[in-house]
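*Asks:* One structure, pasted below without further comment.
The values are calculated or read from the model by the stated rules, or taken from the named source; none is laboratory data. Note that the structure is predicted; figures quoted are calculated from it, not measured. Don't worry about glycine lacking a Cβ; one is built from the backbone with ideal geometry, like all the others, and counts go over all protein chains shown. For accessibility, only protein heavy atoms count, side chains too; no ligands or nucleic acids. Shrake-Rupley method; radii C 1.70, N 1.55, O 1.52, S 1.80 Å.
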Amino acid sequence: MASEISTDLRTFLQETTDQGPFVTIYLPMEDEQIPEKSKIQIKNLAKHAEGVMATAWPESKWETFAPAIDPFINDSLAWADIHGHGFGLITNGKRTYVQALGNVVNEQAMVTETPQILPLLLDNQRHFDFDLLALNIDRVEFYHNDGTTLTPVALPANPGRMEATIGAELRGGEKNSVSKGPDELSDQRRYYTDLDKFITDTYSKPHQRMLILIGLAQNLRMFHEISKNLYLSNRYQIEASPVNLTKPELDDLVDQMRQEWRKDQFEHALNRIDRATSQKRYRSDLGQVVDAVVNGAVEHLYIQSGARYNGRIKDMQLEGSSEQAQHNNLLNDLADIVLAFGGKVTLMNADYFSVPVSAILRY
């Protein structure tokens, strides 16, 4: 569950090292939010950031940063390609990084020495990307899950040639009934074999996405028995008849599975921490964590989601008395440095993690 950053963001961070200050803005968005509302939100956040800059960075001029933000205040077309539940913008006045977020983000506007990337890391970490195959006996539905959005995918008519395989004279009665004769079971297995190959070759192999099933228990068992798809999940599935499920009902079932996946990720992280503790490689004292981070000794940094510690790393030393430090989240600086040294960063839910920050050392 370590937060992996996109190539574009990594390039932005590498090319803007020591080129702060940075203005960072995050705003939550509703589904299909109209541009006018987004423009008002970012205008208010930019005004706040301008005030922070005047106080904490008086040598910097807002006019240098405004051109990167003004299009989102004045031009509705700037929002045309921004879709999701949140929006993030980071700029140092020369380079700008913009990202639509799949998850809701807290409203924030900051001016800091380093880019504030924790909300981006959390959004990437929550990104559960998989395909969902809804199994009936003689027909299927297919979806792609991107973060928190489940989107239907149009399949060719009858993939696997079910009608030709099962034969109308053999089916009879309810197609998804529990009781089926040997001919029907044999036809169903042939259909699932064809379907498995089609999904594997068309979607799973090219995109390398986890495949998750929803269906009646007997249909799930049969598909797992015949499947040769290496991306088919043995851990996650939804045991429920997809027949007559409304989209909201399906979304609710899938969301329950997303929550199960997140819980599993946190528990895996705690297991890694337990192993590192037994190996004497785990640190939760802030001073020890900071020292390990600035020396490139951290393999994996854990930060409590939403935690804040006023301070900054200046010349690889902890500093907390300046006006700039008071407007900065030290935990973000630690994440920046760990990523720069090739380490990993995971944000932990407070239900599982009681300290603001801890680290597993490389040795």
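*Asks:* As a test of reading the structure, rank SER76, SER321 by solvent-accessible area (1.4 Å probe, protein chains only), most first.
*Replies:* SER321, SER76
*Asks:* Order the following by accessible area, largest value first: LYS43, LYS263, LYS228. Probe radius 1.4 Å; ligands, DNA and RNA are ignored.
*Replies:* LYS228, LYS43, LYS263
*Asks:* Where both partners of a DSSP beta bridge lie in segment 224-355, what percent of those bridges are antiparallel, to the nearest 5?
*Replies:* Looking only at bridges with both residues in segment 224-355, the antiparallel portion is about 45 percent.
*Asks:* To continue, here is another question. LEU318: accessible area at probe 1.4 Å, nearest 10 Å²?
*Replies:* Rounded to the nearest 10, the figure is 90 Å².
*Asks:* Would you mind computing, in nm to one decimal, how far apart the modelled labels at ASP70 and ASN136 are, each placed 7 Å from Cα along Cα→Cβ?
*Replies:* Placing both labels 7 Å beyond Cα along the Cβ direction yields 5.7 nm.
*Asks:* What does DSSP give for the chain in terms of the percent of beta bridges that are antiparallel, rounded to the nearest 5?
*Replies:* Once the DSSP bridges in the chain are tallied, antiparallel ones form about 75 percent.
*Asks:* Taking 8 Å as the Cα distance limit and 6 or more residues as the minimum spacing, I'd like the relative contact order of the chain as a percentage.
*Replies:* RCO, the chain: 16 percent.
*Asks:* At 1.4 Å probe size, with no ligands or nucleic acids counted, give the accessible surface of TRP79 in Å², nearest ten.
*Replies:* Result for TRP79: roughly 10 Å² accessible.
*Asks:* Measuring with a 1.4 Å probe in the full set of protein chains, what accessible area per residue, in whole Å², belongs to segment 239-363?
*Replies:* Accessible area per residue, segment 239-363: 50 Å².
*Asks:* Could you work out which residue, out of LEU195, LEU27, LEU301, moves most in a Gaussian network model of the chain, that is, has the largest mean-square fluctuation with Cα springs under 10 Å?
*Replies:* Per the Cα network of the chain with a 10 Å cutoff, LEU195 tops the list.
*Asks:* Dipole magnitude of the chain about its Cα centre, charges +1 at Lys/Arg Cβ and -1 at Asp/Glu Cβ only, in debye to the nearest 20?
*Replies:* 840 debye
*Asks:* Suppose all protein chains stay in the model; what accessible area per residue would a 1.4 Å probe give for segment 1-106, in Å²?
*Replies:* Ligands and nucleic acids excluded, the figure is 51 Å² per residue.
*Asks:* Please sort by residue number the GluC sites (Glu not before Pro) in segment 31-92 whose DSSP state is loop and whose Cβ has at most 14 other Cβ atoms within 10 Å.
*Replies:* Within segment 31-92, the qualifying GluC sites (Glu not before Pro) (loop, at most 14 other Cβ atoms within 10 Å) are GLU32, GLU59.
*Asks:* Another question, then. Rank these by accessible area, largest first, 1.4 Å probe: VAL298, VAL243.
*Replies:* VAL243, VAL298
*Asks:* Find the centroid of the Cα atoms in segment 306-332 and in segment 71-114, then give the distance between the two in whole Å.
*Replies:* 23 Å
*Asks:* Can you find, among SER38, HIS327, ASN219, the residue farthest towards the positive end of the dipole of the chain? Put +1 on the C-beta of Lys and Arg, -1 on that of Asp and Glu.
*Replies:* Checking the options against the dipole of the chain, the answer is ASN219.
*Asks:* Are there any helices in the chain, counted as whole DSSP H runs, that stretch 30 Å or more along their axis by Cα and score at least 0.0 on average by Kyte-Doolittle, and if so which?
*Replies:* none
*Asks:* Restricting to DSSP H runs of at least four residues, report the calculated mean residue ellipticity at 222 nm for the chain, -39500 (n - 2.57) per run over all residues, nearest 500 deg cm²/dmol.
*Replies:* Dividing the helical sum by the residues of the chain leaves -12500 deg cm²/dmol.
*Asks:* If you roll a 1.4 angstrom probe over the protein chains with everything in place, what fraction of the accessible area of segment 201-333 belongs to carbon and sulfur, to the nearest %?
*Replies:* 44 percent
*Asks:* Follow-up. Could you check how much of the accessible area of segment 6-115 is carbon and sulfur, as a whole percent, using a 1.4 Å probe?
*Replies:* 51 percent
*Asks:* For the chain, what is the Kirkwood hydrodynamic radius in Å, using each pair of distinct C-alpha atoms?
*Replies:* The Cα-based Kirkwood calculation yields 23.3 Å.
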